[in-house]
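Below is one structure, written out as structure tokens; the observations come after it.
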Amino acid sequence: MSASKAAPVRDRLRIAIQKNGRLAEPARNLLAACGLSWRESRDKLFCYGESLPVDLLLVRDDDIPGLIADGVCDLGIVGRNELDEQDAARRQRGLPSAFQPLRALGFGQCSLMLAVPEEWEWQGPAQAEGTRIATSYPALLTQWLQQQGVQAEVVELSGSVEIAPRLGTAELICDLVSSGATLRANQLKPVQTVLDSEAVLAGAVLAPDDARAGLLSMLLRRLDGVVQQQDRKLLMFRAEENRVAALAQLLADAEPLVRLPGEGDVLQLQTMCPGPLSWQRMEELERAGAQGLMVLSVERSLA
Ligand code: PRP
Ligand code: ZN
């Protein structure tokens, strides 16, 4: 084989997502909302893009940063925890960054936290001095301990970290906490946040400069349209003219009220709200004179 073999021309984007687990379903739904569709292969590890030349690779979340680093995939949807862990591990080994978060996606929120047995009284990071801490995030934990100036032994475990204190292999753990149920079930309590995480779209440090570049920027634009609209709500209601000023005050965080023609002195009004509207807020608006309140989700928009 010749060493000067040119890199193969790639005109399809390849995105790695989690095959099973917390991020799998929302990641797929998000990409579908961006207009992507796939013909699934029999083993479902590779999904061939139909509507656009964008293929999916279904893998373990831990493998996603490496697939991007190796150029096997252009993009990945993965927890910031996993991305930062592998980036910190590369740095600790003297390797340059190979992947980066491109967009936060607004789902998969969780935190990497230090947790201790429930009966402990936690006074702060200094209390970890001289302890053993079990974790699947050794690089992030090591980095955090250094920042805190705390010396502790990092015990790396690939799973079931939460049983380490009971087994006597560590005193503390450092693990992902979402609902907190896993910690409670193991008589542990979270005491210190090491990293707040959510799902991100990750890409290579060097963006592609061939046909994939155009695809990537189109996908990012669509993604922004979907993600930024996710929480926006279109609010519609009717109100008598003399109630409009008070209602506008209750909707100070929304866009200015748009008045549409109504019947008599009852106006039809609408506005765009930046976030979801609680029942409590709708009831407040009703008391202030809003009738027939209706909240609609925004499906997509182009900025
Ligand atoms: C995390 C973590 C805990 C659990 C915590 O695992 O390791 O087991 O979630 O969630 P809870 O606070 O809602 O109980 P995850 O499902 O992310 O899988 P992974 O770490 O093996 O990828
Ligand atoms: Zn995992």
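The values are calculated or read from the model by the stated rules, or taken from the named source; none is laboratory data. All values derive from a computational prediction rather than experimental measurement. So basically every Cβ, Gly included, is an ideal-geometry build from the backbone, and we count neighbours across all protein chains shown.
Looking across segment 62-100 at every residue that is surrounded by fewer than 15 Cβ atoms within 10 Å (Cβ to Cβ) and among the small types (Gly, Ala, Ser), the one that is farthest from ligand 1 (Cβ to nearest atom) is identified as Gly94.
Criterion applied to Pro256, Pro261, Pro208 was being free of Cβ contacts under 8 Å to residues at least 12 places away in the same chain, away from ligand 1 (no atom under 16 Å from the Cβ) and either outside any strand (DSSP E or B) or surrounded by fewer than 13 Cβ atoms within 10 Å (Cβ to Cβ) (or both), and the one residue passing it is Pro261. Total residues in segment 280-303 satisfying the condition of being among the basic types (Lys, Arg) and surrounded by 11 or more Cβ atoms within 10 Å (Cβ to Cβ): the figure is 2. I'd like to know if segment 44-61 contains one or more residues that are among the basic types (Lys, Arg), surrounded by fewer than 22 Cβ atoms within 10 Å (Cβ to Cβ) and within 16 Å of ligand 1 (Cβ to nearest atom). Scanning segment 44-61 turns up at least one residue that is among the basic types (Lys, Arg), surrounded by fewer than 22 Cβ atoms within 10 Å (Cβ to Cβ) and within 16 Å of ligand 1 (Cβ to nearest atom).
Within segment 231-247, the set of residues being surrounded by 16 or more Cβ atoms within 10 Å (Cβ to Cβ) and not in a strand (DSSP E or B) comprises Arg232, Arg243, Val244, Leu247.
Considered as a group, the residues in segment 143-190 that are among the aliphatic types (A, V, I, L, M) and more than 14 Å from ligand 1 (Cβ to nearest atom) include one that is surrounded by the most Cβ atoms within 10 Å (Cβ to Cβ), and that residue is Leu172. Residue count for segment 55-75, restricted to those that are away from ligand 2 (no atom under 13 Å from the Cβ) and part of a strand (DSSP E or B): 5. Going through (1) within 16 Å of ligand 2 (Cβ to nearest atom); (2) outside the structural domain of Gly79 (by TED's automatic domain parsing); (3) assigned to a strand (DSSP E or B) one by one, Lys189 falls short only on (1). Scan segment 37-54 for residues that are touching a residue at least 40 places away in the same chain (Cβ under 8 Å) and either part of a loop (DSSP other than H, G, I, E, B) or outside the structural domain of Asp210 (by TED's automatic domain parsing) (or both) and the total you get is 2. Per this entry, Ala139 is not counted among residues that are surrounded by fewer than 21 Cβ atoms within 10 Å (Cβ to Cβ), assigned by TED's automatic domain parsing to the domain that holds Leu216 and in contact with a helix residue (DSSP H, G or I) (Cβ under 9 Å, 6 or more places away or on another chain).
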